[in-house]
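The values are calculated or read from the model by the stated rules, or taken from the named source; none is laboratory data. Everything numeric here is computed off the predicted structure, so don't read it as measured data. When we count neighbours, we look across all protein chains shown, and the Cβ atoms used for this are built from the backbone with ideal geometry, even at glycine.
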């Protein structure tokens, strides 16, 4: 079985701090990690490989700047067989659709794959759109919010955690799934994996390698444009009640709960 | 664009039907679409896909719809991403709308991206603000990113339709109007109801976290609770207020409580009417998951705890004294007639 895992390098949100004056997030120069849910996708692929070691290959693909090879290397150290970086200055400014076009082209070039896995969403953009967009561009069946996964005769059976319950679906190969945290517990990289990852070659592919014209990717290939970025101030005017005034504070809170009709 | 405006611009809402009933977001989005359409002289259509509607689709006229398109088919009994995408792509290609809105529910966030790719257009996720720009007649789509630390306003300049998903309960439900409209039953090619995705069933129940994203009140705890059983007090308080229990990441990592309760960037982003944080100092990643709550109360013994900066009311002291007193006072209040 050939499995592709789509990953994204995202800022490490444990590492960000607030600008106390402006009340905004400081992101510059901070660490980068593999998007946490993408690690669940990778773990699912590795679990399938353990189940079917014969002929199973796990390829990890990421679109991003050159430094995103770090994220691919981390996936290799966890046990992925190969990593492919999709990077090109012309990819800059891609919206989810343009990103989907690059990933779909790379999947076609590097495949065929039976199964494509990705995290349900990334912690930075939080759109959750790229997975379904890639599936639509490849015209393959897909499912989302996957919290359970088993192989079932030429395809997969999945559990989707959605509002009000769990839906079970069966999909034939090839198909694409986006996964949730509940699916598994990603393992830590092993020392051996780290060594192997350090030596591994991670090829880079650009738009021309993927047969994409500059009009199809990046800002030009995007349908949406960010026209304004605002940094809302988060600080509120806090009514503080400390020692000696706690009862007063509790009374005030009870009154507010009544006002807001939650009591 | 101006030359294309001879006929009325069309504003579409992809409704959501669960077991025959219209989800409240149908009315919410019909109302929002009405507002947008009025500023552009357009008309509003709501599409409803289900196996069998148990509710009168005409009720949506009073929320702002001019037309309701009803598609009923046995294959739509359970959500099927492929069939929904097929049917919507077929209808929207014919109708060529200016704007398409849908709920940012698990189904909306699944169908709409596939639909947008099929229609070769853009899509903006989880919008909290939508308005028509006067000069251009384009839809301005505002969405939070990084848990609300950044607000991005996005436009779809030259692709149509302009598509957006909206988190349920973002906009107020529209007041009822006297509007009348028409209900349509469009013909759909039967092959579009065939799917490679097979539905095997649906088991009701929550994932264990009590769906805290849908709650009006969320009471969350962190390391300040000192022990896993500290959550007992929070459960009691949450139950009294009809709310759910949340948690910071460190206590989830320490396995004091399950992941579905985790509030923050790597857990759930919640925006309840009231958020109460007890024993949570307030990491950026936690605050990004709750700072858009309407009202925030924080209980912490450290007056310098960052959580107080995003709180409307701060109780600075020992939570093991404060919480029992608060619970007792709420009990008394509830006993009052």
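Any residue in region A:154-173 that is touching a residue at least 60 places away in the same chain (Cβ under 8 Å), over 21 Å from residue B:123 (Cβ atoms), in a strand (DSSP E or B) and more than 7 Å from chain B (Cβ to nearest Cβ)? No; the residues of region A:154-173 include none that is touching a residue at least 60 places away in the same chain (Cβ under 8 Å), over 21 Å from residue B:123 (Cβ atoms), in a strand (DSSP E or B) and more than 7 Å from chain B (Cβ to nearest Cβ).
Within region A:233-246, the residues that satisfy the criterion of being surrounded by 13 or more Cβ atoms within 10 Å (Cβ to Cβ) and either in contact (Cβ under 8 Å) with a residue 24 or more places away in the chain or not in a loop (DSSP other than H, G, I, E, B) (or both) are A:234, A:235, A:239, A:240, A:241, A:246.
With the requirement that a residue be within 15 Å of residue B:106 (Cα to Cα) and facing chain B (nearest Cβ under 7 Å), what does region A:108-132 give you?
The initial filter retains those residues of region A:108-132 that are within 15 Å of residue B:106 (Cα to Cα), namely A:119-121, A:126-132.
Passing the criteria: A:126, A:127, A:128, A:129, A:132.
Given the residues A:38, A:47, which is the only one that is within 15 Å of the chain's Cα centre (by Cα) and either at pLDDT 70 or above or in a helix (DSSP H, G or I) (or both)?
Working: A:47 fails: within 15 Å of the chain's Cα centre (by Cα).
Only one candidate qualifies: A:38.
Report whether or not residue A:71 is within 10 Å of chain B (Cβ to nearest Cβ) and part of a helix (DSSP H, G or I). No: the conditions fail for residue A:71. Within region B:297-314, being within 7 Å of chain A (Cβ to nearest Cβ), under 17 Å from residue A:262 (Cβ atoms) and not in a loop (DSSP other than H, G, I, E, B) holds for B:297, B:313.
What number of residues within region B:24-42 satisfy the criterion of being in contact with a strand residue (DSSP E or B) (Cβ under 8 Å, 6 or more places away or on another chain), at pLDDT below 95 and part of a loop (DSSP other than H, G, I, E, B)? Residues in region B:24-42 being in contact with a strand residue (DSSP E or B) (Cβ under 8 Å, 6 or more places away or on another chain), at pLDDT below 95 and part of a loop (DSSP other than H, G, I, E, B): 0 in total.
Step by step: first the residues of region A:203-215, then only those that are out of contact with any strand residue (DSSP E or B) (no Cβ under 8 Å at 6 or more places or on another chain) and crowded, with 18+ Cβ neighbours inside 10 Å, then the one that is nearest to residue A:85 (Cα to Cα). Which residue is that? Going through the qualifying residues, I end up with A:207. Residues that are surrounded by fewer than 18 Cβ atoms within 10 Å (Cβ to Cβ) and farther than 30 Å from residue B:239 by Cβ: does region A:252-263 have at least one? No: region A:252-263 contains no residue that is surrounded by fewer than 18 Cβ atoms within 10 Å (Cβ to Cβ) and farther than 30 Å from residue B:239 by Cβ. The residue list A:25, A:63 contains one member that is modelled with pLDDT under 95, surrounded by 22 or more Cβ atoms within 10 Å (Cβ to Cβ) and touching a strand residue (DSSP E or B) at 6+ places or on another chain (Cβ under 8 Å), which is A:25.
Residue B:279 meets the conditions (1) buried (at least 22 other Cβ atoms within 10 Å of the Cβ); (2) more than 16 Å from residue B:221 (Cβ to Cβ); (3) more than 7 Å from chain A (Cβ to nearest Cβ) in every case but one. The failed one is (2). With respect to the conditions (1) in a helix (DSSP H, G or I); (2) more than 26 Å from residue B:165 (Cβ to Cβ); (3) in contact with a helix residue (DSSP H, G or I) (Cβ under 8 Å, 6 or more places away or on another chain), residue A:131 falls short on a single one, namely (2).
Among the strands (runs of 3 or more DSSP E) confined to region B:121-202, the ones with at least 2 residues that are within 14 Å of chain A (Cβ to nearest Cβ) and in contact (Cβ under 8 Å) with a residue 24 or more places away in the chain are located at B:123-127, B:129-132, B:139-145, B:150-155, B:162-166.
Test each condition in (1) part of a helix (DSSP H, G or I); (2) at pLDDT 95 or above; (3) surrounded by 16 or more Cβ atoms within 10 Å (Cβ to Cβ) for residue A:193 and report the one that comes out false. Result: residue A:193 fails condition (2) only.
With respect to (1) assigned to a helix (DSSP H, G or I); (2) crowded, with 24+ Cβ neighbours inside 10 Å, the lone exception for residue B:75 is condition (2). The set of residues in region B:206-249 being at pLDDT 95 or above, facing chain A (nearest Cβ under 10 Å) and part of a helix (DSSP H, G or I) consists of B:240 alone.
Within region A:218-230, is even one residue modelled with pLDDT under 95, under 30 Å from residue B:305 (Cβ atoms) and assigned to a loop (DSSP other than H, G, I, E, B)? No, because not a single residue in region A:218-230 is modelled with pLDDT under 95, under 30 Å from residue B:305 (Cβ atoms) and assigned to a loop (DSSP other than H, G, I, E, B). Looking at the structure I just gave you, is residue A:211 more than 7 Å from chain B (Cβ to nearest Cβ), over 27 Å from residue B:283 (Cβ atoms) and touching a residue at least 60 places away in the same chain (Cβ under 8 Å)? It is true that residue A:211 is more than 7 Å from chain B (Cβ to nearest Cβ), over 27 Å from residue B:283 (Cβ atoms) and touching a residue at least 60 places away in the same chain (Cβ under 8 Å).
Suppose we keep only residues that are part of a helix (DSSP H, G or I) and over 16 Å from the mean Cα position of the chain (by Cα) within region A:74-97. Which one would you say is surrounded by the fewest Cβ atoms within 10 Å (Cβ to Cβ)?
Residues of region A:74-97 that are part of a helix (DSSP H, G or I), as a first pass: A:74-78, A:89-91, A:96-97.
Now restrict to residues that are over 16 Å from the mean Cα position of the chain (by Cα): A:76-78, A:89-91.
Details: A:76: 23, A:77: 20, A:78: 23, A:89: 10, A:90: 21, A:91: 23.
Taking the candidates together, the pick is A:89.
Going by the conditions given, is residue A:137 buried (at least 20 other Cβ atoms within 10 Å of the Cβ), closer than 30 Å to residue B:18 by Cβ and within 9 Å of another protein chain (Cβ to nearest Cβ)? Spell out how you get there, then give the answer.
On the way: buried (at least 20 other Cβ atoms within 10 Å of the Cβ): yes; closer than 30 Å to residue B:18 by Cβ: yes; within 9 Å of another protein chain (Cβ to nearest Cβ): yes.
It is true that residue A:137 is buried (at least 20 other Cβ atoms within 10 Å of the Cβ), closer than 30 Å to residue B:18 by Cβ and within 9 Å of another protein chain (Cβ to nearest Cβ).
Mind listing whichever residues of region B:322-337 are modelled with pLDDT of 95 or more and surrounded by 13 or more Cβ atoms within 10 Å (Cβ to Cβ)? Those that are modelled with pLDDT of 95 or more and surrounded by 13 or more Cβ atoms within 10 Å (Cβ to Cβ): B:322, B:323, B:324, B:325, B:326, B:327, B:329, B:330. Against the condition under 19 Å from the mean Cα position of the chain (by Cα) and either touching a residue at least 60 places away in the same chain (Cβ under 8 Å) or in the same structural domain as residue B:81 (by TED's automatic domain parsing) (or both), how does residue B:21 come out, does it pass? In short, yes. Every condition in (1) touching a helix residue (DSSP H, G or I) at 6+ places or on another chain (Cβ under 8 Å); (2) surrounded by 20 or more Cβ atoms within 10 Å (Cβ to Cβ); (3) at pLDDT 95 or above is met by residue A:13 except one, and the failing one is (3). On inspection, residue B:112 fails the criterion of being within 13 Å of another protein chain (Cβ to nearest Cβ), surrounded by 22 or more Cβ atoms within 10 Å (Cβ to Cβ) and out of contact with any strand residue (DSSP E or B) (no Cβ under 6 Å at 6 or more places or on another chain).
Scan region B:88-102 and tell me whether some residue there is under 22 Å from the mean Cα position of the chain (by Cα), part of a helix (DSSP H, G or I) and either in the same structural domain as residue B:284 (by TED's automatic domain parsing) or more than 26 Å from residue B:38 (Cα to Cα) (or both).
Of the residues in region B:88-102, the ones under 22 Å from the mean Cα position of the chain (by Cα) are B:88, B:99-102.
Cutting the leftovers down to part of a helix (DSSP H, G or I) gives us B:88.
Right, trim to either in the same structural domain as residue B:284 (by TED's automatic domain parsing) or more than 26 Å from residue B:38 (Cα to Cα) (or both) and you get none.
The answer is no, given that none of the residues of region B:88-102 is under 22 Å from the mean Cα position of the chain (by Cα), part of a helix (DSSP H, G or I) and either in the same structural domain as residue B:284 (by TED's automatic domain parsing) or more than 26 Å from residue B:38 (Cα to Cα) (or both).
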